[in-house]
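Data block below; observations after.
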Amino acid sequence: MGEKVKLIIATHRQYGDIILNDLYLPVQVGSDLNSTDLGYQKDNVGDNISAKNNKYSELTALYWAWKNMDAEYIGLVHYRRHFGGKNYHHGKDRLSWIITKSELEPMLDKYDVILPKKRRYYIETLYSHYAHTHYSNQLDVTFDIIKEKYPKYVNAYEKVINKTSGYMFNMVIMKKDLLDAYCAWLFDILFELEKRLGTQNLDAFQQRFYGRVSEIIFNVWLEKQFENGVIDKKRVNELPVVYLGKSNFNKKLVAFLMAKFLGKKYQHSF
């Protein structure tokens, strides 16, 4: 086994706030689709699915880490979303809010899985929110695949999909053996989903639904690990999410309400 812990930062562009230290490894996603060299680790080296980045988003970085990295714990964050540390919300410099290696490593003796704080929709279930903002058939076909390939996960899926909160953003830090198990399950499902749905002639934003489906079904996988006793809930920790760059809450709220009540699908990230 290599290092104790490594967090990869999925990014498609140079970003001034990217943290360059021995905890973080920026990974240039979609390197097969873009000849620009950002100077970061590319996701098209070794066993990879870089060419799927326009559909799978940050999951091409996760796949690369799964297949090519050696550390006791591996995590995924984004160029604009990170886990918060002890200085979260202290001071104006958001970089100082982000968890450091000296803060993270002691947690790993107590926790096997570290996740972002749950995202709560209050007036929506995970399914209804997805159906309003994206296309519900994507989840329906995913459920068909789970029923066929992983029937023991059916109850977990039905339980999760009716919740009004969940772990989102594909952000996670996990022990490598758990990550191996999760990724084997996840990509088996997504590759079959891709065979059945392709791109569905969607616009560039909506065709990245494989990454969005994974946000939902990560919760399904986790729920089943709890049920089976593979993961002890006491060994799961939640951390706040630090947003770098611009985030417009008002526009996000308006888009959310328009999706729910007027059927207007999301057209971009917020």
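The values are calculated or read from the model by the stated rules, or taken from the named source; none is laboratory data. Computed from a prediction, not measured in an experiment: that's the story for all the values here. Glycine gets a Cβ as well: all are built from the backbone with ideal geometry, and neighbour counts include every protein chain shown. Just the protein is used for accessible areas: all its heavy atoms, side chains included, with ligands, DNA and RNA removed. Shrake-Rupley method; radii C 1.70, N 1.55, O 1.52, S 1.80 Å.
Is the shape of the stretch 17-71 rounded, prolate or oblate, going by the alpha carbon gyration tensor and its root eigenvalues a ≥ b ≥ c, with a/c under 1.5 for rounded and a/b larger than b/c for prolate? Since a/c reaches 1.5 but b/c is at least a/b, the shape of the stretch 17-71 is classed as oblate.
Oblate is the label for the stretch 24-173, because a/c, from the alpha-carbon gyration tensor with a ≥ b ≥ c as root eigenvalues, is 1.5 or above and a/b does not exceed b/c. The base-10 log of I(q)/I(0) for the stretch 107-214, evaluated at q = 0.11, 0.13, 0.19 Å⁻¹, reads -0.39, -0.55, -1.16 [Debye formula, identical scatterers on Cα atoms, solvent excluded]. Neighbours of Leu193 by Cβ distance under 15 Å: Lys/Arg scored +1, Asp/Glu scored -1, total +1. Using a cutoff of 8 angstrom between alpha carbon atoms and counting only pairs six or more residues apart, the relative contact order for the stretch 1-154 works out to 19 percent. Between the stretch 1-76 and the stretch 147-221, how many Å separate their Cα centres? Going from one Cα centre to the other spans 19 Å.
Between Ser102 and Asp180, the distance separating the two model label sites (each 7 Å from Cα on the Cα→Cβ line) works out to 3.3 nm. With R₀ fixed at 30 Å, the C-beta to C-beta distance from Phe226 to Asn201 puts the FRET efficiency at about 0.20.
Taking every protein chain into account, the accessible area of the stretch 109-165 amounts to 50 square angstrom per residue (probe 1.4 Å). Assuming charge only on the beta carbon of Lys and Arg (+1) and of Asp and Glu (-1), the dipole of the chain about its Cα centre is about 1060 debye to the nearest 20.
Here the stretch 23-91 is assigned +1 on the Cβ of each Lys and Arg and -1 on the Cβ of each Asp and Glu. Its dipole about the Cα centre then comes out at about 300 debye.
Between amide H atoms placed 1.01 Å from N, distances below 5 Å from Val242 occur with His82, Phe83, Gly84, all of them 5 or more places distant or on a separate chain. Any number yet on Rg/Rh for the stretch 18-112, C-alpha, Kirkwood? Over the Cα atoms of the stretch 18-112, Rg/Rh equals 1.00. For Tyr127, the shell of other residues with beta-carbons less than 12 Å away shows a net charge of -1, using +1 for Lys and Arg and -1 for Asp and Glu. Placing unit charges on the Cβ atoms of the charged side chains and taking the dipole of the chain about its Cα centre, the candidate lying farthest along the positive direction among Tyr79, His132, Leu244 is His132. For the residue pairs Lys117/Lys147; Lys101/Lys234; Lys101/Lys224; Lys118/Lys224, the alpha carbons lie more than 19 Å apart in Lys117/Lys147; Lys101/Lys234; Lys101/Lys224.
The charge dipole of the stretch 1-138, taken about its Cα centre with unit charges on the Cβ atoms of Lys, Arg (+1), Asp and Glu (-1) only, comes to about 600 debye. Neighbours of Asn87 by Cβ distance under 13 Å: Lys/Arg scored +1, Asp/Glu scored -1, total +1. The stretch between Asp93 and Ile123 holds 7.5 nm of extra length on full extension. This uses 0.36 nm per residue minus the Cα-Cα distance. A simple packing score, the average count of other Cβ atoms within 10 Å per residue, orders the peptides 6-19, 223-236 as 6-19, 223-236, with the highest score first.
The value of relative contact order for the chain, using C-alpha pairs under 8 Å at least six residues apart, is 23 percent.
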